[in-house]
Amino acid sequence: MKTNMPLSKPIRRFISETERMLDTEITLLRKPDAAPGGTLVDVYTYNIDKNIIIFPANYIGLLKDFVIAKQCTHLFIKGAAAKKSGYKICSFTSDSVYTGMRQIYLDALKDEVNKEKKLPVKKLLEMLFILYRQFHEDINELPWNPIVNARIYYRMSQLRKTQLYILLKDGKQDMDEMSDMMDIVPRRYFVLDKSMFYARDLYLAKTLPSDKLTPVVNIPQMKKFDHLEVKEMLTTRWTHTAWYQSKVFGDNMLTIMEKHLDVDWSGDATLDYYATLYETGVSLTNALLAYMSMKDWFIWEKPKHLLAAQEKMAIYEQDALKRIFGDLIEDT
Amino acid sequence: MPLNDVVPLQKKAELYIRQTKYREALLLLDQAIRLDPKDAKSWYLRASVKTEMERFAEAIVDCGEALAINQNYADAWSKKGLALYNLGQYQPALAAATRAVSLNANDASAWYIRGICLEEMGKSDEAEIAYAKSLELEIILDIKDESKRIRK
């Protein structure tokens, strides 16, 4: 481990354990402009020599420790998969982009019929790929979130209070995501996206219910959550938002999550255990994609496939538009 | 050069520190200390830079200089605690961090250093209290930062 920063004991131990089991090196990097949830740049995804966990410079204590724990758990899962069965992620090809964008277009047409204010054609075309990418990003992240959170909750109890705050914050952010696109995005996709986050929050509410939010009652903004358990907090919040209509889909996704995340969260930190967590994430991802009728939108491939695909994103988008609209689309 | 000219040097050094340009910051702070060795802030800032550069023993010396000028300099006590912790000197690190929080109870970093030192010394109950205080302060700062980001 390469760092000159203070770390609490469980984190220090966890990093060393991860390095030893994966036979790799982890560098911690503080950056003023880092994403609030931190970033993991790992040897299993990128062509680099050592893993780097980047976190916001203003996180100096337990917030920093939690971000590191989260990214390190994810690294352990990736590394165990790479060492055991092979690490793959959801990638895309020209064909899969076409399949996804075409489906979004057909659904958008259905929506447009009932809209008083029609979407300008240019915006509609732009929206197809933006929405496709949004789901790609979400499906590569969301299924791993409950896995990583549940694991940390059971293995690093010292971080529970911090974890509750981060869940509260992330959940709010995810709830608001895409809100500015509400009038543009076809209803079906808006609801499906919200439903994934609803299911995640409700799953975590059931899995990590025992701690109250009492450490933060001195903070005025959090007073309203005083004496609330995390379960109450997450469920109450969803039932009080406009996205409660996501409940039907969200409850179905919750059932899927509960079925697939049948894991002993306190298991010993072995390569086999973390490889099992990876397989669990893969099966949950597939189940969610199947439920959303997006099975052919993405393919499981090695990370370098995705890196190459990302380079060709603009080409794939143009190809898909040409296949959907034929000569109506001009070369740009 | 008048003594108050150290202020722009300190400000520029702080900017470099935020940009993690520690060598540049160090040059300016060396200059500031030569200009006015009685300015505690220059010593404290140089200790901060040296801590980032993992020159912990030198950082402790600089903190000592800052504290000799102003023994109630909370940030210097906090930085000294951090440097001592990094050298594995948990007992004096705890003492420095305790002094820091007694002077400034809103120093999240000092509470955290207290927590990790107490944890290393096997005093987990006391560590938990220090961690809780540190977390509370960190969350307040985070909420403020978040509001600023949203306003932007």
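So which of B:D107, B:D75, B:D125 ends up being surrounded by fewer than 23 Cβ atoms within 10 Å (Cβ to Cβ) and either under 23 Å from B:V49 (Cβ atoms) or of a type in the set (F, W, Y) (or both)? Walk me through it before giving the result.
On the way: B:D107 fails: surrounded by fewer than 23 Cβ atoms within 10 Å (Cβ to Cβ); B:D125 fails: either under 23 Å from B:V49 (Cβ atoms) or of a type in the set (F, W, Y) (or both).
Answer to the check: B:D75.
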Query raised in the report: Do you know which of the residues in segment B:26-64 that are over 26 Å from A:T3 (Cα atoms) and acidic (D, E) is farthest from the other protein chains (Cβ to nearest Cβ)?
Result: B:D36
Report task. With the condition kept exactly as written, say whether any residue in segment A:54-68 is at negative phi and away from chain B (no Cβ under 14 Å). Result -> no
Report summary line: Within segment B:91-130, residues being more than 15 Å from A:G61 (Cα to Cα), of a type in the set (A, V, I, L, M), more than 10 Å from every other protein chain (Cβ to nearest Cβ) and in a helix (DSSP H, G or I) number 5
Requested in this report: Would you mind stating whether A:M175 is away from chain B (no Cβ under 13 Å), without any contact (Cβ under 8 Å) to a residue 12 or more places away in the chain and not basic (K, R)?
Outcome: no
Report summary line: Of the candidates A:T162, A:T99, the one satisfying the condition of being over 30 Å from B:K133 (Cβ atoms) and in contact (Cβ under 8 Å) with a residue 24 or more places away in the chain is A:T99
Query - So A:K110, is it part of a helix (DSSP H, G or I) and modelled with pLDDT under 90 - result: yes
Report summary line: Of all strands (runs of 3 or more DSSP E) fully inside segment A:1-78, the set with 1 or more residues that are within 17 Å of the chain's Cα centre (by Cα) and among the hydroxyl-bearing types (S, T, Y) is A:39-41
**Report entry** Set A:V41, A:V121, A:V113, A:V67: member being surrounded by 15 or more Cβ atoms within 10 Å (Cβ to Cβ) and either under 17 Å from A:I324 (Cα atoms) or without any contact (Cβ under 8 Å) to a residue 24 or more places away in the chain (or both)
**Finding:** A:V41
Query raised in the report: Got a number for residues in segment B:131-152 being under 15 Å from A:K161 (Cβ atoms), charged (D, E, K, R) and more than 7 Å from every other protein chain (Cβ to nearest Cβ)?
Result: 1
Requested in this report: State whether the residues of segment A:157-178 include one that is part of a helix (DSSP H, G or I) and β-branched (V, I, T).
Outcome: yes
Requested in this report: Among what's in segment A:128-159 and is farther than 18 Å from A:A269 by Cβ and either within 14 Å of another protein chain (Cβ to nearest Cβ) or among the aromatic types (F, W, Y) (or both), pick the residue that is surrounded by the most Cβ atoms within 10 Å (Cβ to Cβ).
Outcome: A:Y132
Requested in this report: Scan (1) within 9 Å of chain B (Cβ to nearest Cβ); (2) modelled with pLDDT under 95 for the single condition A:K2 breaks and write down its number.
Outcome: (1)
Requested in this report: Taking only segment A:323-332 into account, find how many residues are over 16 Å from A:I104 (Cβ atoms) and modelled with pLDDT of 70 or more.
Outcome: 3
Query - segment A:269-284 residues that are over 14 Å from A:Y44 (Cβ atoms), paired with ones that are surrounded by fewer than 17 Cβ atoms within 10 Å (Cβ to Cβ) and polar (S, T, N, Q) (beta carbon under 9 Å, 6 or more apart) - result: A:E279/A:S85
Report summary line: Every listed condition ((1) among the polar types (S, T, N, Q); (2) away from chain A (no Cβ under 13 Å); (3) surrounded by fewer than 18 Cβ atoms within 10 Å (Cβ to Cβ)) holds for B:Q19 save (2)
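The values are calculated or read from the model by the stated rules, or taken from the named source; none is laboratory data. Fair warning: this is a prediction, and the values are worked out from it, not measured in the lab. Cβ: placed from backbone, ideal geometry, glycine included. Neighbour counts: every protein chain shown.
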